[in-house]
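Note sheet for the following structure.
What follows is calculated from the coordinates using simple rules that are stated; it is not laboratory data. All values derive from a computational prediction rather than experimental measurement. Positions of Cβ are generated from backbone atoms using ideal geometry, with glycine treated the same way; all protein chains shown enter the neighbour counts.
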Amino acid sequence: MRGVVAFDSVFGNTRQVAEAIRDELERAGHQAALLNVRESREVPSEGDFVFVGSPTRFKKMTGRSKRLMRKLDAKAWASKPVVVFDTHSEIPTDPAEREKAIKWIEPGAAGRLSAIAEKRGLAVRGPPLRCVVKGMKGPLAEGELDKARAYASRFAESLR
Ligand SMILES: Cc1cc2nc3c(=O)[nH]c(=O)nc-3n(C[C@H](O)[C@H](O)[C@H](O)COP(=O)(O)O)c2cc1C
C-alpha cells in the first residue's frame, strides 16, 4: 500500500515522529512519502492512507495542519484510513499540577484534528498517536520514538 505522512513541526520533534512513522511503514513493505506542510501546500488526493500530525500549541493544532485536514477531499478519503498524531508537553504527576495543566494537553492537536476529520466524514483510525516532549521545545521524552514505531507497525499490520 502507499500513502502520505503529512506533518507540521516548529522545533523538529513532530518531524522526528513523522520520520519514524514513515521508516516503520516502509520497513513493513509499504510506500510512505513525507509531506512537510511548512514547505508545501499540496493536499494528498491519492493513496491508500494518510497521516496528519502537528505539535500541540496553545491547546490546538497548527494552522497549517488544520488547513490540510479541512482540505482533504472528503469523497476521496471517506473510506480510507486517516490517522492523526501529535506531540505535546509532559503531563505532571502531581495531582494538583496535573489538574491545572491537563486542559492544555488533552485532547490537544490530535484530538482537534480528529474532531475536524470526523465532522467531515473522514474515516479516522483511532486512537491517535500522541508523543510527549520535555519542556516546551523538546526533545522527545525517552521511548516516544519507539512508541511511534510500534504504532506505525500496528497500523501497517492492519493494512494487510
Ligand atoms: C508557544 C508554545 C505553546 C505551546 N502550547 C502547548 C500546549 O498548549 N499544550 C502542550 O501540551 N504543549 C504546548 N507546547 C509544547 C509543544 O507541544 C512542543 O513545543 C511541541 O510538541 C514540539 O513539537 P515540534 O518540535 O514539532 O514543534 C507549546 C510550545 C510553545 C513553544
ask   = Residues in segment 25-38 that are without any contact (Cβ under 8 Å) to a residue 24 or more places away in the chain and within 20 Å of residue 55 (Cβ to Cβ): how many?
value = 0
task = Would you check which residues across segment 10-24 are over 14 Å from the mean Cα position of the chain (by Cα) and either closer than 18 Å to residue 155 by Cα or without any contact (Cβ under 8 Å) to a residue 12 or more places away in the chain (or both) and list them?
result = 23, 24
Which listed residue is touching a strand residue (DSSP E or B) at 6+ places or on another chain (Cβ under 7 Å), within 16 Å of the ligand (Cβ to nearest atom) and assigned to a loop (DSSP other than H, G, I, E, B), from 17, 10, 5 = 10
task = Go through segment 122-160 and count every residue that is within 16 Å of the ligand (Cβ to nearest atom), in contact (Cβ under 8 Å) with a residue 12 or more places away in the chain and not small (Gly, Ala, Ser).
result = 14
ask   = Within segment 72-125, which residues are closer than 22 Å to residue 139 by Cα, outside any helix (DSSP H, G or I) and among the hydrophobic types (A, V, I, L, M, F, W, C)?
value = 84, 85, 91
note = Among residues of segment 29-60 being within 16 Å of the ligand (Cβ to nearest atom) and assigned to a loop (DSSP other than H, G, I, E, B), the residue farthest from residue 74 (Cα to Cα) is 58
